[in-house]
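A.B. asks: After the structure tokens below, expect a handful of questions from me.
The values are calculated or read from the model by the stated rules, or taken from the named source; none is laboratory data. None of the values given here were measured: they were computed from a predicted structure. Here the Cβ positions follow ideal geometry from the backbone for every residue, glycine too, while neighbour counts run over all protein chains shown.
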Amino acid sequence: MKIDIVGGGPAGLFLAILLARQAPHVEMEVIEQNAADATFGFGVVLADTGLSRLSDAAPDVCADLMKAMTFGAQQTIVSQETPLTVKRPGQGGGAIPRLTLLNILQEHAARLKIPVTYSSRVNDIDSLAGDIVVGADGVTSRVRASDEMGFGTTRRELTNHFAWFGVGKAFECPALVFREYHGGYFVAHYYPYSETMSTFVAECDHQTWTDFGLEQWSLDERQKLFDTVFAQELGGLGLISNNSSWRQFPVIRNANWFCGNRVLIGDALASAHFSIGSGTRIAMEDSIALAQAIASSDTDAQRALAGYVALRRASKDRLISASEASYLWYENIREWMTTFNPHQFVYQFMTRTGRLDVARLREQYPELVRELESAQAIPANEALL
Ligand SMILES: Cc1cc2nc3c(=O)[nH]c(=O)nc-3n(C[C@H](O)[C@H](O)[C@H](O)COP(=O)(O)OP(=O)(O)OC[C@H]3O[C@@H](n4cnc5c(N)ncnc54)[C@H](O)[C@@H]3O)c2cc1C
């Protein structure tokens, strides 16, 4: 069986590594448009609960990732200029430079002698002759574009505007700062990912964008505005751009995960909003399911693809609906920032995805719940849970 994997990001490389181990009969090639040492963005979060699944699938890869990660056992949430500390369960979330993440996966792939062709963009999917063609080619997937009718692709854009920057210092801990500035509503999501660097996602709602006339501003002017709004946190350092373009998050979904011999994984299949900090691990978990399905398919491509959907659909749908609840919450930040006091705000934030009710919140964040209770921030009907 021959498998072509389009895209050497986290999903594509991890799939190749797992296939080399679990399905050694498979012949494969990974084709990546960028050079091995190129990447967009800065650091990404890999939640620690997610890591246990990656670790079960490839303990050595996961151990290498963990060695390169910066863990933050607590997070600060600031609204109305009041910081609240959220102590996270376990080791907390860990972050890693995206380039290091890719380099670790590339090294494992090289050790397994997996052919990876870098600096080679696939434009014509029909030219790929594999029994299975995997679209691991991210949000702008070419594989998906080759048959959007067949995949049942839908897309829409969220209204908030965001851009992904770096900062040349390691913040003490990850934080979310919600700030009103001259009638605009701004959010900074930042977290350290090495001893010297942090990621900083800058966001504002659409009304702020139009009220300030940001559409007409240059990239540099927009960056300076965020430097000013978050000057207190940045402490004199400016944001660092790396092709940091301003976008509205594209929500992409596919009713059919495969179509003929073409199959989608990771962001190509469903874009996961950055506010749940799990896009990378969700993508890598797709790879786990697809590798498992291919390994047990007895070289029957259609059986493998159907097996992938059966293994993964229910859990992926849960993660994606958490992502949806999270981005819908962010779409209304103006309302939450003006309606709730800082404690109520944190309660609303922590429960926004519907995955944590008061009972689970109490179990995982006991100190926070005590503080929220004493501030009477938990609605009476929910506090009884
Ligand atoms: C602002 C922002 C912040 C984020 N923060 C986090 C975070 O904190 N934690 C987290 O887990 N995730 C985060 N994410 C999401 C994360 O980056 C993605 O979910 C994750 O990278 C998906 O992995 P993937 O392998 O599916 O796709 P990608 O990482 O996009 O990889 C796709 C690969 O395919 C290649 N490719 C594309 N087209 C072609 C082609 N035609 N031919 C050959 N190669 C091609 C690309 O070069 C790329 O290497 C964030 C995303 C954004 C936008």
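A.B. asks: Mind checking whether some residue in the stretch 148-158 is over 19 Å from the mean Cα position of the chain (by Cα) and among the small types (Gly, Ala, Ser)?
C.D. replies: Residues of the stretch 148-158 that are over 19 Å from the mean Cα position of the chain (by Cα), as a first pass: 148-154.
Pick out the ones that are also among the small types (Gly, Ala, Ser) and you get 150, 152.
Yes, the stretch 148-158 contains at least one residue that is over 19 Å from the mean Cα position of the chain (by Cα) and among the small types (Gly, Ala, Ser).
A.B. asks: Report, ordered by the first and then the second residue, all pairs with beta carbons closer than 6 Å, sequence separation of six or more or different chains, a first member in the stretch 83-102 that is over 20 Å from LEU176 (Cα atoms) and assigned by TED's automatic domain parsing to the domain that holds MET66, and a second member that is at pLDDT 80 or above and within 16 Å of the ligand (Cβ to nearest atom).
C.D. replies: As it stands, the answer is ARG98/VAL44; THR100/ALA68, since those pairs meet every condition given.
A.B. asks: Got at least one residue in the stretch 335-343 being assigned by TED's automatic domain parsing to the domain that holds LEU15, free of Cβ contacts under 8 Å to residues at least 40 places away in the same chain and on the phi < 0 side of the Ramachandran plot? Step through it out loud before you land on a result.
C.D. replies: We begin by selecting, within the stretch 335-343, every residue assigned by TED's automatic domain parsing to the domain that holds LEU15; these are none.
Checked against the condition, which is being assigned by TED's automatic domain parsing to the domain that holds LEU15, free of Cβ contacts under 8 Å to residues at least 40 places away in the same chain and on the phi < 0 side of the Ramachandran plot, the stretch 335-343 yields no hits at all.
A.B. asks: Could you give every pair whose Cβ atoms fall below 8 Å, whose first residue belongs to the stretch 243-265 and is modelled with pLDDT under 95, and whose second residue is surrounded by fewer than 20 Cβ atoms within 10 Å (Cβ to Cβ) and part of a loop (DSSP other than H, G, I, E, B), counting only separations of at least 6 or pairs across chains?
C.D. replies: Matching pairs, first to second residue: ASN243/PHE40.
A.B. asks: Within the stretch 209-312, which helices (runs of 4 or more DSSP H) (wholly inside it) include 1 or more residues that are of a type in the set (Asp, Glu), within 15 Å of the ligand (Cβ to nearest atom) and in contact with a strand residue (DSSP E or B) (Cβ under 9 Å, 6 or more places away or on another chain)?
C.D. replies: Numbers: elements: 219-229, 231-234, 279-295.
Where helices (runs of 4 or more DSSP H) fall fully within the stretch 209-312 and carry at least 1 residues being of a type in the set (Asp, Glu), within 15 Å of the ligand (Cβ to nearest atom) and in contact with a strand residue (DSSP E or B) (Cβ under 9 Å, 6 or more places away or on another chain), they are 279-295.
A.B. asks: Do the conditions hold for ASP137, that is, is it under 22 Å from ALA301 (Cα atoms), surrounded by fewer than 19 Cβ atoms within 10 Å (Cβ to Cβ) and assigned by TED's automatic domain parsing to the domain that holds GLU32?
C.D. replies: So ASP137 does not fit the description; no.
A.B. asks: Select from the stretch 1-54 the residues that are more than 10 Å from the ligand (Cβ to nearest atom) and of a type in the set (D, E, K, R) and write down the one among them that is nearest to the chain's Cα centre (by Cα).
C.D. replies: ASP48
A.B. asks: Check off (1) farther than 30 Å from PHE349 by Cβ; (2) crowded, with 23+ Cβ neighbours inside 10 Å; (3) β-branched (Val, Ile, Thr) for ILE282 and give me the number that stays unchecked.
C.D. replies: (1)
A.B. asks: Is it fair to say ILE132 is surrounded by 14 or more Cβ atoms within 10 Å (Cβ to Cβ), out of contact with any Ser or Thr (no Cβ under 6 Å at 6 or more places or on another chain), closer than 30 Å to GLU367 by Cα and not aromatic (Phe, Trp, Tyr)? Spell out the reasoning first.
C.D. replies: Working: surrounded by 14 or more Cβ atoms within 10 Å (Cβ to Cβ): yes; out of contact with any Ser or Thr (no Cβ under 6 Å at 6 or more places or on another chain): yes; closer than 30 Å to GLU367 by Cα: no; not aromatic (Phe, Trp, Tyr): yes.
For ILE132, the condition - surrounded by 14 or more Cβ atoms within 10 Å (Cβ to Cβ), out of contact with any Ser or Thr (no Cβ under 6 Å at 6 or more places or on another chain), closer than 30 Å to GLU367 by Cα and not aromatic (Phe, Trp, Tyr) - is not met.
A.B. asks: Please verify whether the stretch 86-108 includes one or more residues that are within 25 Å of MET1 (Cα to Cα), in a helix (DSSP H, G or I) and away from the ligand (no atom under 13 Å from the Cβ).
C.D. replies: Narrowing the stretch 86-108 to residues within 25 Å of MET1 (Cα to Cα): 105-108.
Retained after the next criterion (residues that are in a helix (DSSP H, G or I)): 105-108.
Remaining after also requiring away from the ligand (no atom under 13 Å from the Cβ): 107-108.
Checked against the condition, which is being within 25 Å of MET1 (Cα to Cα), in a helix (DSSP H, G or I) and away from the ligand (no atom under 13 Å from the Cβ), the stretch 86-108 yields at least one hit.
A.B. asks: OK, next. Within the stretch 136-157, how many residues turn out to be within 9 Å of the ligand (Cβ to nearest atom) and at positive phi?
C.D. replies: Within the stretch 136-157, residues that are within 9 Å of the ligand (Cβ to nearest atom) and at positive phi number 1.
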